Amino acid sequence: MTQAPPPISAKSHAADPHLGPVARFLRATEIDTRLLGMAGALLLIWVGFHLYGAIFNGFGAFLTPRNLWNLSVQTSSIGIMACGMVLVIVTRNIDLSVGAMLGVTAMVMGLLQVEVLPKFLGLGHPAIWIITVIVGMTLGTLIGTLHGWLIAYRGIPSFIVTLGGLLIWRGSAFLAAGGKTISPVDSTFALLGGGPYGAVGATGSWIVGILGCVGVLWMLRNGRANRRKHEFPLRPMWAETFLAVLGCGAIIGAVLLVNSYPWPAGILKQYYERLGQPVPEDAFISHGFAIPVLILITVGILMTILMTRTRFGRYVFAIGGNPEAASLAGINTRWMTLKIFALMGMLAGLSGAVASARLNSATNALGVFDELYVIAAAVIGGTSLAGGIGTIYGAIMGALVFQSLQTGMVLIGFDTAVQQIVVGCVLVLAVYLDNVYRSVSK
Amino acid sequence: MTNKGTPLVEMRDISISFGGIKAVDHVTIDLHPGEVVGLLGHNGAGKSTLIKCLSGAYQKDAGQIFINGEEVEINNPRDARAQNIETIYQTLALADNLDAASNLFLGREIVSPLGFVDESKMESETRKIMARLNPNFRKFAVPVSALSGGQRQSVAIARAVYFNARILIMDEPTAALGPHETQMVSELIQELKAQGLGIFLIEHDIHNVMKLCDRASVMKNGQLVGTVNIADVTDEDLLGMIILGKKPAKAA
């Protein structure tokens, strides 16, 4: 009203001679500079560890298909839960119980598929893994619902409810199996955790990659059509092309990477023995994308749609921004809180399936400290503990950064104590940098 | 101004108390179409509390609410919106982290047939209404926390106006505004009144009340001092009602 109208949206794509080429480029492509920063940090960590290994240990082990493939699998379990944690933290809550929920759901799934279902269905029955996963996710959802109910309808702070939950579910997991380790899990179920068989192979990965590229192109095209329909300014064509090439390039790069990691000799031998053939001289069977990674990507896409394209997601952000305003706008904030914690529980159950499948067993140590890693991943990924701000892709990137640090330090031989110190420093530094970024970009 | 016929809103014998303190004590007020009724009183007199019973933010302990002569139950903000009651709160009730369009449509998003939020459509609708209310408004893509007080106010007003309100509640709409913006709000009130809306205006500035309102209901300590026609009273009469709780002899 009183302010002179700044030409923000009307002319945002016109070439502004006062801007440098980088700023003009970023404005035209509308790339999220935060995302760019995280990608840069990730690259720095990767190259840094690789060079450190190459210089001091004589072998750079980090930037190898094998390590990156393993990294992707290790990120899955934390990444899946971090997606849910974003919603929890955005609405100004916290969930300290995710590790314990993972533990108890994994233990129940372990008992179910090892000791209960085979009695009724027979060992190795194809329905076992489906029933197990459904039961595990349902159990997680029920636990999350209970937490959400206590928080939303009984007014107990989420910190306390989930701190109690951490102890209760950790203890319950121990009691459920009397402290035993449940192993081995159902052979189909085990595929959810990755491994040579738990990956989709070269052809499967190409199919995934092509679907991904089609998705990227469709999104760009759809976005452009929508802007034209409502007469919003369009990105310049070169910027659209650049984004298309970048998106598809990243996807194809990932496919090439996972396809260049072959099965190890032992697995090859086992595989051909089962076929009754000798191992060929030039045998090369690619891993391709691991199943847990595909689960993480699917969860990430669905959660992103949920957060950015549905009313539910809108309300999550509105509650985080101003709970009173959300409530005055007719949003049932209690019911929303309950649903968010239920969703968190469901994802913890899914993560429990992935984690126990990866270990091929349900142990008492499963998920210990995961709550801290998950919260750290979400926060490194730009989720604000003050509420109202956070993205799913940020949390997944955060999980990847976090896992990269840990893996990298193991590879170059830092001991656990040093690892903890480094991870702690990075967490604090990441949040500080995020604060700086926000105050500068305002 | 005299009003005959069924009032648009009648709040009859409303009471609400918090922890034993009667914030609103058997208050009856009404509002006709095309009328602006000022609600006056000290801080803590119970004006905002009373009006929050109508907007659904609070639930009355006793009393009845009639809309066009029919009794309605308003238990939450959704019920109020269903009756075409829109409220502009003193705090504006905006989610600071969301942009103008998201705030305007908060709780009433436009969704596509598949159930997805139609962001472009909402932004384009927001541009249309803002072009009418505040033609200088350009900041559609930024969170409302980055807007000036006046711009935030216009988002809050746009939200109330967009959804074809019949009854508008404005809680000190000009409290945080400069002279130019205050003028804009005054003009808007006149325009909406001409369209036949009924407006409850909570206002501290007696001059604004004299200028904008047709009638004024004055509250003190949770009770209604009285309701007067603005045409029949002076500034001093109103101040006397607010400060002393005394109803002027000549007013109806």
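The values are calculated or read from the model by the stated rules, or taken from the named source; none is laboratory data. Keep in mind that this is a model prediction, so the values were computed, not measured. Heads up, the Cβs are rebuilt from the backbone with ideal geometry, glycines too, and the neighbour counts pull from every protein chain shown.
May I ask you to verify whether A:I55 is more than 30 Å from A:L359 (Cα to Cα), among the β-branched types (V, I, T), in a helix (DSSP H, G or I) and at pLDDT 90 or above?
Judged against the criteria, A:I55 is a match.
If you go through segment B:186-199 one residue at a time, do you hit one that is part of a loop (DSSP other than H, G, I, E, B), in contact with a Leu (Cβ under 7 Å, 6 or more places away or on another chain), in contact (Cβ under 8 Å) with a residue 40 or more places away in the chain and aliphatic (A, V, I, L, M)?
Yes, segment B:186-199 contains at least one residue that is part of a loop (DSSP other than H, G, I, E, B), in contact with a Leu (Cβ under 7 Å, 6 or more places away or on another chain), in contact (Cβ under 8 Å) with a residue 40 or more places away in the chain and aliphatic (A, V, I, L, M).
Counting only residues that are over 22 Å from the mean Cα position of the chain (by Cα) and in contact (Cβ under 8 Å) with a residue 24 or more places away in the chain, which one in segment A:421-442 is nearest to A:S77 (Cα to Cα)?
A:Y437
Being closer than 15 Å to A:I305 by Cα, surrounded by 15 or more Cβ atoms within 10 Å (Cβ to Cβ) and more than 10 Å from chain B (Cβ to nearest Cβ) is the filter here, so list the residues in segment A:213-233 that pass it.
Across segment A:213-233, the qualifying residue is only A:V216.
State the number of residues belonging to segment A:294-318 that are surrounded by fewer than 20 Cβ atoms within 10 Å (Cβ to Cβ) and among the aromatic types (F, W, Y).
1
Is there any pair with a first residue in segment B:140-155 that is closer than 21 Å to B:V185 by Cα and outside the structural domain of B:F105 (by TED's automatic domain parsing) and a second that is of a type in the set (S, T, N, Q) and not in a loop (DSSP other than H, G, I, E, B) whose Cβ atoms are under 7 Å apart and which are 6 or more apart or on different chains, and what are they?
Nothing qualifies.
Looking at segment A:41-51, which of its residues are more than 14 Å from A:L400 (Cα to Cα) and either modelled with pLDDT of 95 or more or surrounded by fewer than 17 Cβ atoms within 10 Å (Cβ to Cβ) (or both)?
Within segment A:41-51, A:V47, A:G48, A:L51 qualify.
Please determine, by comparing only the residues of segment A:399-420 that are without any contact (Cβ under 8 Å) to a residue 12 or more places away in the chain and surrounded by 11 or more Cβ atoms within 10 Å (Cβ to Cβ), which one is nearest to A:N67 (Cα to Cα).
That would be A:V410.
What do you reckon, is B:T6 more than 23 Å from B:K220 (Cβ to Cβ) and not assigned by TED's automatic domain parsing to the domain that holds B:D214?
no
Quick check on B:E35: is it more than 19 Å from B:K220 (Cα to Cα), in contact with a helix residue (DSSP H, G or I) (Cβ under 9 Å, 6 or more places away or on another chain), buried (at least 18 other Cβ atoms within 10 Å of the Cβ) and away from chain A (no Cβ under 14 Å)?
When the stated conditions are applied, B:E35 passes them.
For (1) within 19 Å of the chain's Cα centre (by Cα); (2) buried (at least 18 other Cβ atoms within 10 Å of the Cβ), each residue gets a yes or a no:
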| position | (1), (2) |
| --- | --- |
| B:P77 | yes, yes |
| B:R81 | yes, yes |
| B:E125 | no, yes |
| B:P143 | no, yes |
| B:F163 | yes, no |
| B:I169 | yes, yes |
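So which residues in segment B:54-64 are assigned to a loop (DSSP other than H, G, I, E, B) and within 14 Å of another protein chain (Cβ to nearest Cβ), if there are any at all?
B:G56, B:A57, B:Y58, B:Q59
Is there a residue being part of a loop (DSSP other than H, G, I, E, B) and either in contact (Cβ under 8 Å) with a residue 40 or more places away in the chain or within 26 Å of B:S186 (Cα to Cα) (or both) anywhere in segment B:10-30?
Taking every residue of segment B:10-30 in turn, none turns out to be part of a loop (DSSP other than H, G, I, E, B) and either in contact (Cβ under 8 Å) with a residue 40 or more places away in the chain or within 26 Å of B:S186 (Cα to Cα) (or both).
Take the conditions part of a loop (DSSP other than H, G, I, E, B), out of contact with any Lys or Arg (no Cβ under 6 Å at 6 or more places or on another chain) and more than 14 Å from chain B (Cβ to nearest Cβ) and apply them to A:L366. Does it pass?
Here the answer is yes, as A:L366 does meet what is asked.
Any residue in segment A:117-131 that is modelled with pLDDT of 95 or more and surrounded by fewer than 21 Cβ atoms within 10 Å (Cβ to Cβ)?
Within segment A:117-131 (the criterion being modelled with pLDDT of 95 or more and surrounded by fewer than 21 Cβ atoms within 10 Å (Cβ to Cβ)), the answer is yes, since at least one residue qualifies.
Give all pairs with beta carbons closer than 8 Å in which a residue from segment A:6-29 that is more than 14 Å from chain B (Cβ to nearest Cβ) meets a residue that is surrounded by fewer than 12 Cβ atoms within 10 Å (Cβ to Cβ) and modelled with pLDDT under 60; count only pairs at least 6 apart in sequence or on separate chains.
Listed by first residue and then by second, the contacts come to A:R24/A:A15.
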